[in-house]
Amino acid sequence: MSTTTIDPNVVRIFDTTLRDGEQSPGATMTSAEKLEIARQLSKLGVDIIEAGFPAASPDDLEAVQRIAREVGTADGPVICGLARAVEKDILACWEGVKDAAKPRIHTFLGTSDIHLKYQTGLTREEGLERVRMAVTLARSLCEDVEFSPMDAGRTDMEYLIQVCSLAIECGATTLNIPDTVGYVTPQEWQDTIAHLIAETPGGGPGSGVIWSVHCHNDLGLATANTLAGVMGGARQVEVTINGIGERAGNTSLEEVAMALATRPQFYNLRTNVNTREIVKSSRMVSNYTGMSVQPNKAIVGANAFAHEAGIHQDGVLKNASTYEIMTPESVGLSQSQLVLGKHSGRHALKVRLEEMGYKLEGDALNQVFARFKDLADAKKTVTDADLEALITDEFEGPEEIFSLVDIQVTCGTMGMPTATVRMTNANGETFIHAAVGTGPVDASYRAIDAIVKAPNVLVEYSVYSVTEGIDALGEVTVRISTVDDTRTFGGYGADDDIVVASVKAYLAAVNRMVAVTGIGGHKPEGAVSTVNLISERQ
Ligand code: KIV
Ligand code: ZN
């Protein structure tokens, strides 16, 4: 059993954005993007990063290894991998995490009668044997072992206690209790966790075991259930940025962290989260997964700190506490007094970006300054939201296998919408293609498809304006899927021209698909191609 002292007032944040979050339809990320997110999660102050499911594929294993080596430093977070309760998964998981300074193996088995009967075909007795084998093997490799009885929310309580106590006996240091299908209610869950802690042999207070909760959001109760679990004694919560995850998602990290931070007298608990990194983390995850955040989403939605009704505006102007229970600054939204516009210089931009947490120098600063000047010419005032979008667009895309050089569209009521795109590939070859479509965006996407040759289905397309007004910067997110519908990829683009933003978003998704699946044709070696074809809609 672990002899680590456990501070009973600290709730550990176990982030599973890169594992359960990536299981959201469409959230596939490249390994470079996962590494970037892991770095940001470390800045955010999460205690444990579940970096992936190493047995799932060689790519998943490689991504976990990179995170373990580059983010799992001695003063960094614990790096954890997930493994089914089977030998091959546990060995692959250890390969993934072993280079981290603080590695963890997380193994799980479905323990409800429904899961035993229909998923693994095991009897309860055989289930116990599986738990014994898996936890013992994991513990022989790694000192830090987490066990999850999957579908605990629908598992018979007596059996659940038996399973948990066996896992502890075999060396599990964290017992994670998942409500896998989002079925439980808050009071029930608080009682369940309190009962498990009190009744599981070897798991009581002073045992050194950490109890954890992992709640899904099928009934919209994930955050409430997680906080109820904490009230019941859990001191680890499994969460994801923006609440992404299987089906309706997981508990959202920002909601739990801000609930604990905003109501200290009620909970009397703290986390190690640097809440000022929340908005940046949210935007990064949204951009890399192509899963946009609903405007009314708590903490990170575009409207979370917006006041529309006159009476509310009046109150906030007199004193923000009338309608704000937390400050925008506390989650990383700044309220700078520095107004940036077309007369602002490089220095003012640099200072503003630094205040926002971006330290840019040299070429990187020049690139953003050039984009800023273009935008300031078109728009009177450039806001922090505009700058965030520019930075994201400029630096947070996937590896550019195909890059946009130019785009020209003609559209309107008098002709067929036509787009001509000029792109280069990673070998420096140039391609030009023109296509006709139902509108300028459709035409542009057809022209890109003709060059990249990576067949896909556009499953989602959304345009937002970053700020108000006709001159606002447009943000576009798209999701595409492979034609067999097995993988989905997201993309993000921002520009003051929404067709250009749309093309950037699509190209980001297509590049991600090409990088992950290898689908996509390149021109024959050595061909400097200037193709000038018009493809027409069938
Ligand atoms: O939802 C779930 O039960 C899981 C487990 C693997 C912890 O994701
Ligand atoms: Zn889950």
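The values are calculated or read from the model by the stated rules, or taken from the named source; none is laboratory data. Since the model is a prediction, treat every value here as computed from it, not as a measurement. Cβ coordinates were reconstructed from backbone atoms using ideal geometry, including for glycine residues, and neighbour counts include every protein chain displayed. The accessibility values were calculated without ligands, DNA or RNA, using every heavy atom of the protein model including side chains. Shrake-Rupley method; radii C 1.70, N 1.55, O 1.52, S 1.80 Å.
Kindly provide the GluC sites (Glu not before Pro) of segment 343-418 that DSSP labels as loop, not H, G, I, E or B, and whose Cβ sees at most 11 other Cβ atoms within 10 Å.
Taking segment 343-418 and a limit of 11 other Cβ atoms within 10 Å, the loop GluC sites (Glu not before Pro) found are GLU361.
In µm²/s, what is D for segment 292-429 at 10 °C and 1.306 mPa s, where D = kT/(6 pi eta Rh) by Stokes-Einstein and Rh is the Kirkwood radius from Cα pairs?
86 µm²/s
Looking at the chain, identify the longest residue range that excludes and avoids all trypsin sites (Lys or Arg not before Pro) in DSSP loops having at most 11 other Cβ atoms within 10 Å.
1-358
How large is the helix-only mean residue ellipticity at 222 nm for the chain, computed as the sum of -39500 (n - 2.57) over DSSP H runs with n ≥ 4, divided by its residue count, in deg cm²/dmol to the nearest 500?
On the way: 16 runs with 200 residues, N = 538.
Value at 222 nm, helices only, nearest 500: -11500 deg cm²/dmol.
What number, in percent, do you get for the relative contact order of segment 208-340 if the mean sequence gap of Cα pairs under 8 Å and at least 6 apart is divided by its residue count?
18 percent
Can you find, among VAL181, ASN242, HIS195, the residue sitting farthest towards the positive end of the charge dipole of the chain, where Lys and Arg contribute +1 and Asp and Glu -1 at Cβ?
It is ASN242.
Rolling a 1.4 angstrom probe over the protein chains, ignoring ligands and nucleic acids, what is the accessible area of MET231 in square angstrom, nearest 10?
90 Å²
Between PHE53 and residues 5 or more places away or on another chain, which pairs have amide H atoms under 5 Å apart, with H built 1.01 Å from N, and which residues are they?
Placed amide hydrogens put LEU82 under 5 Å from PHE53.
Which value, in debye to the nearest 20, describes the size of the charge dipole of segment 14-289 about its Cα centre when Lys and Arg Cβ atoms bear +1, Asp and Glu Cβ atoms bear -1, and nothing else is charged? Each step should come with its number before you reach the end.
On the way: 24 positive and 37 negative charges, 125 e Å.
Approximately 600 debye in magnitude.
On a 0 to 90° scale, report how tilted helix 222-231 is relative to the longest principal axis of the chain, with both axes built from alpha carbons and the result rounded to the nearest 10.
That works out to roughly 40 degrees.
Give me the percent relative contact order of the chain, please, defined on Cα pairs under 8 angstrom at least 6 residues apart.
Once normalised by length, the contact order is 12 percent.
What do you get for the angle between helix 253-262 and the principal long axis of the chain? Use alpha-carbon atoms, 0 to 90 degrees, nearest ten.
70 degrees
Which of rounded, prolate, oblate describes segment 47-132, given a ≥ b ≥ c as roots of the alpha-carbon gyration tensor eigenvalues and a/c under 1.5 marking rounded, otherwise prolate only if a/b is larger than b/c?
Cα axes put segment 47-132 in the prolate bin.
Over all distinct Cα pairs, what is the inverse of the mean 1/r for segment 151-221, reported as the Kirkwood hydrodynamic radius in Å?
12.3 Å
Using θ = phi - 60° and the Karplus curve 6.51 cos²θ - 1.76 cosθ + 1.60, what whole-Hz ³J(HN,Hα) does each residue of segment 287-299 get, with Gly and Pro shown as x?
5, 6, 9, x, 9, 6, 8, 4, x, 8, 5, 4, 6
Apply the Karplus parameterisation 6.51 cos²θ - 1.76 cosθ + 1.60, with θ equal to phi minus 60°, to every residue of segment 22-38 and state each ³J(HN,Hα) to the nearest whole Hz, in sequence, with x for glycine and proline.
So the J values, rounded to whole Hz, are 5, 6, 5, x, x, 9, 4, 10, 7, 5, 5, 5, 4, 4, 4, 5, 4.
Given the pairs LYS34/LYS102; LYS373/LYS504; LYS280/LYS359; LYS280/LYS453; LYS350/LYS373; LYS453/LYS504, which span a C-alpha to C-alpha distance of over 22 angstrom in this model?
Numbers: LYS34/LYS102 19 Å; LYS373/LYS504 19 Å; LYS280/LYS359 14 Å; LYS280/LYS453 34 Å; LYS350/LYS373 13 Å; LYS453/LYS504 17 Å.
From LYS34/LYS102; LYS373/LYS504; LYS280/LYS359; LYS280/LYS453; LYS350/LYS373; LYS453/LYS504, over 22 Å: LYS280/LYS453.
Treating the angle as unsigned and between 0 and 90°, give the value, to the nearest 10°, between the Cα long axis of helix 362-378 and the longest Cα principal axis of the chain.
It is inclined by approximately 60 degrees.
If you place +1 on the Cβ of every Lys and Arg and -1 on the Cβ of every Asp and Glu, how big does the dipole about the Cα centre of the chain come out, in debye to the nearest 20?
In total the dipole reaches around 520 debye.
With θ set to phi - 60° and the Karplus curve 6.51 cos²θ - 1.76 cosθ + 1.60, what are the ³J(HN,Hα) couplings of segment 99-110 in order, to the nearest whole Hz, using x for Gly and Pro?
Listing the rounded values in order: 7, 6, 5, 10, x, 9, 9, 10, 10, 8, 8, x Hz.
What whole-number distance in Å separates the alpha-carbon centres of segment 35-52 and segment 260-334?
Cα centres, segment 35-52 to segment 260-334: 21 Å.
Once amide H atoms are placed 1.01 Å from N in the peptide plane, what residues at a sequence separation of 5 or more from ASN272, or on another chain, have their amide H within under 5 Å of its amide H?
ILE13
Only four residue types carry charge here, +1 at the Cβ of Lys and Arg and -1 at the Cβ of Asp and Glu. Report the dipole size of segment 259-394 about the Cα centre in Debye, rounded to the nearest 20.
160 debye
Which length gain, in nm to one decimal place, applies between GLU169 and ALA306 when the Cα-Cα distance is subtracted from 0.36 nm times their residue separation?
Difference between extended and current length: 44.2 nm.
Along its three principal axes, how long is segment 14-289 when you only count alpha carbons? Whole Å, largest extent first please.
45, 44, 35
Answer with one residue from THR223, ALA426, GLY96: the one whose Cα lies farthest towards the positive end of the charge dipole of the chain, charges on Cβ with Lys, Arg +1 and Asp, Glu -1.
Value: ALA426.
Rounded, prolate or oblate: pick one for segment 306-382, where a ≥ b ≥ c are the square roots of the eigenvalues of its C-alpha gyration tensor, a/c under 1.5 means rounded, and failing that, prolate if a/b is larger than b/c, else oblate.
It comes out prolate by the Cα gyration axes.
For segment 14-289, what % of the accessible area comes from carbon and sulfur atoms, probe 1.4 Å?
50 percent
For the chain, what mean projected area does the convex hull of the alpha carbons give, in nm²?
The directionally averaged projection comes out at 27.7 nm².
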